[in-house]
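One structure is given here, and the rest of the page talks about it.
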Amino acid sequence: MKTNKFHQHKTFIDDDEQAFIYWRDEVKRWYLHIKKQPHWKDYIARSLRTSDKEKALKKARQDFDEIMSTHNVMVHHIFTEEDMILATRNQALGRIAEDKFKNLMMLQGYQVYTPVEDIWGSDFILFKQNEYMRVQLKSSNLDQPLWALARNDRIKYKDTCTHMAFVHLKTGRIWLVPVSALPDVTSLRHGRLMNECAKGHEIMLQSLC
């Protein structure tokens, strides 16, 4: 088995071998490594801030349990079975998608505001670290939806928002895409959104851990 030279004194902390601690000699500290999980951008590596292995093991197991419990809750409960049933009704789908998006953004530390009336072409205002985002949200329970990028009066969301959120119930995936990354069209096929516009803009569960 090939060994990573940076993972000195590697010791697994779980039966499934999803996480381990390792020693970094250059800083004289133990580190936790959690393998990349579905819906994560990458693996997690963090300092355990100790040179004592027993303390490192204890802290690593606590951190691992906390991170994975958050991950499992989000994976299994972003869209519940009840949500899937309700989403067959268009009005319910929109409400479910808005609630999930709002909750995810608050978990990421955003202040989330909604307009009193939907007359300005944005569903949410997000604020974090002195940055405001005007967000229009679109949702679908179709396998290959055609995403609307304009209002009924043909005014494009590129002209009214800074970002668009796309909620795809079938896969349980959500993207927050700057309008600058979207083409200057009134609608967009799902395949093009996935392959061209939404890369790097998915709301990943790892960022909530």
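Bear in mind these aren't lab numbers, they're just calculated from the coordinates by the rules spelled out. Here the structure is a predicted model, which is why all the values come from computation and not from measurement. Glycine gets a Cβ as well: all are built from the backbone with ideal geometry, and neighbour counts include every protein chain shown.
A few remarks follow.
- A simple count of charges around VAL179, restricted to other residues whose Cβ falls under 12 Å of its Cβ and scoring Lys, Arg +1 and Asp, Glu -1, yields +1.
- The residues neighbouring ASP65, those whose beta-carbon lies less than 12 Å from its own, together hold a net charge of 0 under the Lys/Arg +1, Asp/Glu -1 convention.
- Straight-line reach from LYS138: taking Cα to Cα under 26 Å and skipping same-chain neighbours fewer than 8 places apart, the lysines in range are LYS41, LYS100, LYS102, LYS128, LYS156, LYS158, LYS170, LYS199.
- Residues of segment 3-35 with amide N under 17 Å of a point placed 7 Å along Cα→Cβ from GLU54: 30
- Spatial separation of Cα centroids for segment 12-55 and segment 143-159, in angstrom: 44
- Sorting 55-68, 10-23 by average packing, meaning the other beta carbons within 10 Å per residue, from highest down gives 55-68, 10-23.
- Distance in nm between pseudo-label sites at LYS128 and LYS10 (7 Å out along the Cβ direction from Cα): 3.2
- Stretch gain in nm, segment TYR113-THR171, where the contour uses 0.36 nm per residue and the Cα spacing is subtracted: 18.2 nm
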